[in-house]
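Asks: This structure is in structure tokens; I'll ask about it shortly.
The values are calculated or read from the model by the stated rules, or taken from the named source; none is laboratory data. All figures in this text were calculated on a predicted structure; none of them were measured in a lab. Because the Cβ atoms are built from the backbone with ideal geometry, glycine has one as well, and the counts that use them run over all protein chains shown.
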Amino acid sequence: MQYMLQIFTGGSMSAYEGLSEEEKQAVTGEYFAISGIPGVSGGAQLQPATTATTVRVDGGETLTTDGPFPETKEALGGYYLLEADDLDEAIEIAGRIPAARMGGAIEVRPVVEH
């Protein structure tokens with residue numbers, strides 16, 4: 001089954017900024033290592049939420065809003081797409097994502113298969 005591992009930053013960005021350059025390189029290496037795990041087929045870091053544009057259609061008119069629509073303490077900062085045998089395996093890999101221990105959260109969500 002495919003799972004989307006959504007990386008939400010909370011305190012993780014401020015925690016990251018407080019690291020030494022050597023520690024930042026180690027954390028970055030952890031993210032790249034996850035990309036090499038068998039079953040991980042995609043992933044990317046996203047630009048900050050302040051660069052987002054939210055799109056809605058109302059009465060046939062396309063409306064845009066700068067930035068993310070909801071006010072939240074955590075913003076979607078990136079993702080991995082994972083093929084795993086079960087939810088337990090997906091959770092185990094999600095637990096390796098540095099943001100999970102640095103004040104952020106990882107949402108593990110099954111992908112609908114058609």
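Asks: When I106 is evaluated against the numbered criteria (1) in contact with a Gly (Cβ under 7 Å, 6 or more places away or on another chain); (2) β-branched (V, I, T); (3) under 21 Å from Y3 (Cβ atoms), which criterion, by number, is the only one it fails?
Replies: The one condition I106 does not meet is (1).
Asks: Could you say which residue among A15, A26, A33 is of a type in the set (G, A, S), out of contact with any helix residue (DSSP H, G or I) (no Cβ under 8 Å at 6 or more places or on another chain) and at pLDDT below 90? Don't jump to the end; show me each part of the working.
Replies: On the way: A26 fails: at pLDDT below 90; A33 fails: at pLDDT below 90.
Residue meeting the stated conditions: A15.
Asks: Exactly one of these conditions fails for F8: (1) more than 12 Å from the chain's Cα centre (by Cα); (2) outside any loop (DSSP other than H, G, I, E, B). Give me its number.
Replies: (1)
Asks: Right, another one. For the range 67-95, enumerate the residues that are within 25 Å of M1 (Cα to Cα) and at pLDDT below 95.
Replies: So the first thing to find is which residues in the range 67-95 are within 25 Å of M1 (Cα to Cα), and the list is 76-95.
L76, G77, G78 - these are the residues of the range 67-95 that are within 25 Å of M1 (Cα to Cα) and at pLDDT below 95.
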